[in-house]
Amino acid sequence: MEQDIINEYKDQVRILKQEIAELQDAGKSKDSANKRCLQKLENTTKDLEEANQEIKDLKKEIEKIKLDNEKPDISTE
């Protein structure tokens, strides 16, 4: 009878150890996935910042061209 209880506890401990190992593996997988997502987000944010800067630069260039075209050409007068 006592041996049956001991064996039952041993089985439960073994099962719990397996579940812990599975949860740890799942946690590691989740951490890896989160890390990849964070890296992707950082890269996307960097690309967005660069694109926004390029847009600003192009807008300034367009404004400059517009101003240059609005100036009267005094060399032909």
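Bear in mind these aren't lab numbers, they're just calculated from the coordinates by the rules spelled out. Everything numeric here is computed off the predicted structure, so don't read it as measured data. For neighbour counting, all protein chains shown are included, and Cβ atoms are generated from backbone atoms with ideal geometry for every residue, glycine included.
Lys40 meets the conditions (1) assigned to a helix (DSSP H, G or I); (2) loosely packed, with under 10 Cβ neighbours inside 10 Å in every case but one. The failed one is (2).
For region 12-24, does any single residue satisfy the condition of being of a type outside the set (D, E, K, R), without any contact (Cβ under 8 Å) to a residue 40 or more places away in the chain and not in a helix (DSSP H, G or I)? Checked region 12-24: no residue is of a type outside the set (D, E, K, R), without any contact (Cβ under 8 Å) to a residue 40 or more places away in the chain and not in a helix (DSSP H, G or I).
Looking across region 1-34, the residues that are more than 39 Å from the chain's Cα centre (by Cα) and surrounded by 10 or more Cβ atoms within 10 Å (Cβ to Cβ) come down to Ile6, Asn7, Glu8, Tyr9, Lys10, Asp11, Gln12.
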